[in-house]
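**Student:** Just dropping this structure here.
A short reminder: the numbers here are calculations on the coordinates, not readings from a lab. These numbers come from a predicted model, not from an experiment. Glycine gets a Cβ as well: all are built from the backbone with ideal geometry, and neighbour counts include every protein chain shown.
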Amino acid sequence: MLLCTIALALLLVPLLAGQKKKPRSTSAATLARGKYLVENVGLCGDCHTPHNEKGEPIQEQMLQGAMLPFKPTVPMPVWADKAVNIAGLPGWEKDAAIKFLMTGIASNNLPARPPMPQYRFNQQDAEAIVVYLQSLEPAK
């Protein structure tokens, strides 16, 4: 039995060694995962999407930046009054965006200004989020 296993392994090694790694393409599953994480885990639209007078998100401006409808209860000098446009991820390199979603640290080696959370997504989830956000039409 052991001899059969070794023989099979020796036969398969040349076959497997000759295989080339397929380039990664954006799959529907990756986009769906990214959309799920943006909408249901990160809740990005709560800040990055403008809302109408009823408090409902304006779908035509989804993730295209908005003034924040809340303020800190105590003075906070670095508070961001506006959430930036993240549809299309303008101004972000893919690797920098992934690092930011994994560490909470931007390419300038600083954390995002409050109230932006310092997320700690894993690599696969951060990549899915970036793929999804890059697939969106940026603000005009």
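**Student:** Which ³J(HN,Hα) values, rounded to whole Hz and listed in residue order, are derived for the range 94-99 from phi using the Karplus coefficients 6.51, -1.76 and 1.60 in 6.51 cos²θ - 1.76 cosθ + 1.60 with θ = phi - 60°, glycine and proline given as x?
**Tutor:** Per residue, the Karplus-derived 3J(HN,Hα) values read 4, 5, 5, 5, 5, 4 Hz.
**Student:** Over the range 58-105, what is the relative contact order in whole percent, taking alpha-carbon pairs under 8 Å and six or more residues apart?
**Tutor:** On the way: 26 pairs, mean separation 17.5, N = 48.
About 36 percent, as a whole number.
**Student:** If packing is taken as the mean number of other Cβ atoms within 10 Å per residue, what is the order of 63-74, 98-109, 126-137, 42-53, highest first? Provide the component values of the computation, followed by the final result.
**Tutor:** Details: 63-74: 13.2, 98-109: 15.2, 126-137: 20.6, 42-53: 16.8.
Put in order of decreasing packing, that is 126-137, 42-53, 98-109, 63-74.
**Student:** May I ask you to derive the relative contact order of the range 20-139, considering only C-alpha pairs under 8 Å and at least 6 residues apart, and to give it as an integer percent?
**Tutor:** Details: 169 pairs, mean separation 34.8, N = 120.
For the range 20-139, the relative contact order is 29 percent.
**Student:** Can you list, bin by bin at 5 Å, the percent of alpha carbon pairs in the range 19-135, starting at 0?
**Tutor:** 2, 11, 18, 24, 19, 13, 7, 3, 1, 1, 0, 0
**Student:** Given the convex hull over the Cα atoms of the range 28-95, what projected area results after averaging over all orientations, in nm²? Intermediate results must be reported in sequence, preceding the final value.
**Tutor:** Numbers: hull surface 25.2 nm².
The number I arrive at for the range 28-95 is 6.3 nm².
**Student:** Tabulate in residue order the Karplus-calculated ³J(HN,Hα) for the range 64-72, using 6.51 cos²θ - 1.76 cosθ + 1.60 with θ = phi - 60°, rounded to whole Hz; enter x for Gly and Pro.
**Tutor:** Computed from phi, the couplings for the range 64-72 are 9, x, 6, 6, 6, x, 9, 10, x Hz.
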